[in-house]
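The values are calculated or read from the model by the stated rules, or taken from the named source; none is laboratory data. Just so it is clear, the model here is predicted, and its values are computed rather than measured. Neighbour counts run over all protein chains shown; Cβ positions are idealised from the backbone, glycine included.
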Amino acid sequence: MKKILLILLLLFLIPLSACGKAKYEFKDGVIYENGKEATGTFELTINGFKSKGKFINGLADGILEVYYLDGSIMKKSLFSNGVHLKDEVYYRNGKLMSTYLKDKRIDIFYDDGQLLMRSDKEKGEITIYFENGNPLLVIVGTTTSILYNENKEVLSRMENGIRLDDDITFKNLEDGSFELIKNNKVIGKISADGTPTYFYSTGETLMKLDNSIYKTLFKNGNTFFERDGNISRFYYKDGKLLYESKGKEWSFYNREGEKIITAFEEITDIKKID
């Protein structure tokens with residue numbers, strides 16, 4: 001009789017235990033616990049990487065950290081009542097990869113800490129930089145663009161689709177192409193079909209159009225930046241992809257070619273720790 005009672009008791013407790021386990025899910029920016037907005041500190045997996053952060057009434061609040069597999073910091077994000085205010089993304093060596101300030105600025109850095117690109121939303125200006133810190137390309141709104149060489153000398157200036165290159169002369173070559181000459185030095189070339197190419201001060205190709213794809217190059221010949229319609233890409237100096245954007249979609253890649261940060265994050269394995 002005692003054995004029967006014990007078995008019945010165990011059978012009764014098993015479903016109670018199962019029912020007592022909380023079910024967590026993440027939907028539309030909100031963490032739910034058994035269908036209700038959750039509050040607490042949570043561990044979760046974001047795009048395959050362990051993360052930790054605080055949520056209040058289901059919304060992220062405070063610092064959300066994402067970690068590389070070795071436990072080092074990959075990303076710190078600041079939230080207030082679910083509003084995304086700030087990002088800091090790090091290379092594995094601890095240096096900044098990018099920063100984001102809501103409605104103000106986005107910066108991307110080389111892995112040696114040098115600023116690569118700044119998008120200043122308040123000024124409506126995008127600047128891409130050489131490795132030495134000088135501007136390579138400045139785009140203001142949708143009307144103005146200025147291309148520089150590594151010595152900060154202007155190679156091309158466009159406003160409202162009109163070239164403003166009064167100090168540049170054109171030398172006609174036998175094959176129908178033109179050399180662009182400024183201060184008695186060849187700074188670029190326009191092919192017979194009208195395709196422009198610009199050079200570093202030391203003669204290497206800096207910018208060219210390749211099958212309608214705009215490209216700027218490192219001195220070693222590897223692509224640094226390219227734009228094809230609404231698709232933009234930045235590359236590491238060895239030619240590996242660093243950053244890619246396609247409209248509202250964007251992604252960062254580490255040195256190993258892994259996609260580490262994206263605009264659309266996959267969140268799984270949610271666990272409440274406090």
From (1) surrounded by 18 or more Cβ atoms within 10 Å (Cβ to Cβ); (2) in contact with a Lys or Arg (Cβ under 9 Å, 6 or more places away or on another chain), pick out the condition that doesn't hold for Lys102.
(1)
Among the candidates Phe170, Phe199, residue that is surrounded by 18 or more Cβ atoms within 10 Å (Cβ to Cβ), on the phi < 0 side of the Ramachandran plot and of a type in the set (Phe, Trp, Tyr)
Phe199
Looking at segment 204-225, which of its residues are assigned to a strand (DSSP E or B) and surrounded by 18 or more Cβ atoms within 10 Å (Cβ to Cβ)?
Leu206, Met207, Lys208, Lys215, Thr216, Leu217, Phe224, Phe225
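Here is a yes/no grid of residues against (1) surrounded by 13 or more Cβ atoms within 10 Å (Cβ to Cβ); (2) free of Cβ contacts under 8 Å to residues at least 24 places away in the same chain; (3) closer than 30 Å to Asn183 by Cα; (4) among the hydroxyl-bearing types (Ser, Thr, Tyr):
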residue: Ile56; (1), (2), (3), (4): yes, no, no, no
residue: Gly62; (1), (2), (3), (4): yes, yes, no, no
residue: Ser72; (1), (2), (3), (4): no, yes, no, yes
residue: Ser80; (1), (2), (3), (4): yes, yes, no, yes
residue: Tyr90; (1), (2), (3), (4): yes, yes, no, yes
residue: Ser98; (1), (2), (3), (4): yes, no, no, yes
residue: Glu122; (1), (2), (3), (4): no, yes, no, no
residue: Ile139; (1), (2), (3), (4): yes, yes, yes, no
Qualifying positions in segment 23-57 - in a loop (DSSP other than H, G, I, E, B) and under 27 Å from the mean Cα position of the chain (by Cα)
Asp28, Gly29, Asn47, Gly48
Quick check on segment 30-54: of everything there that is free of Cβ contacts under 8 Å to residues at least 40 places away in the same chain and touching a Gly at 6+ places or on another chain (Cβ under 6 Å), which residue is nearest to Leu78 (Cα to Cα)?
Lys54
Counting only residues that are under 18 Å from Glu150 (Cβ atoms) and in contact with a Lys or Arg (Cβ under 9 Å, 6 or more places away or on another chain), how many does segment 215-231 have?
9
The correct count of residues that are in contact (Cβ under 8 Å) with a residue 40 or more places away in the chain and closer than 19 Å to Ser145 by Cα in segment 100-120 is 2
Identify, please: which residue in segment 147-190 is of a type in the set (Val, Ile, Thr), in contact with a strand residue (DSSP E or B) (Cβ under 8 Å, 6 or more places away or on another chain) and under 22 Å from Tyr214 (Cα atoms) and is, among those, modelled with the lowest pLDDT?
Ile168
Hey, can you tell me all the residues within segment 147-167 that are surrounded by 15 or more Cβ atoms within 10 Å (Cβ to Cβ) and in contact with a Ser or Thr (Cβ under 7 Å, 6 or more places away or on another chain)?
Leu147, Asn149, Glu150, Met158, Asp165
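Just need a number here: residues in segment 245-268 that are under 19 Å from Phe26 (Cα atoms) and either modelled with pLDDT under 85 or surrounded by fewer than 13 Cβ atoms within 10 Å (Cβ to Cβ) (or both). So that I can check it myself, show each step before the final result.
Step one: list which residues in segment 245-268 are under 19 Å from Phe26 (Cα atoms), which gives 261-268.
Okay, now just the ones that are also either modelled with pLDDT under 85 or surrounded by fewer than 13 Cβ atoms within 10 Å (Cβ to Cβ) (or both), so 263-266, 268.
The total comes to 5.
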Give the residues of segment 175-203 that are aromatic (Phe, Trp, Tyr) and not in a loop (DSSP other than H, G, I, E, B), sorted by residue number.
Phe178, Tyr198, Phe199
Search result, residues across segment 253-271 that are closer than 13 Å to Tyr68 by Cβ, in contact (Cβ under 8 Å) with a residue 12 or more places away in the chain and not β-branched (Val, Ile, Thr):
Asn254, Arg255
Considering only segment 72-174, give the strands (runs of 3 or more DSSP E) lying wholly within it that have at least 1 residues that are over 15 Å from the mean Cα position of the chain (by Cα).
73-80, 83-90, 125-129, 135-140, 144-148, 154-159, 169-172
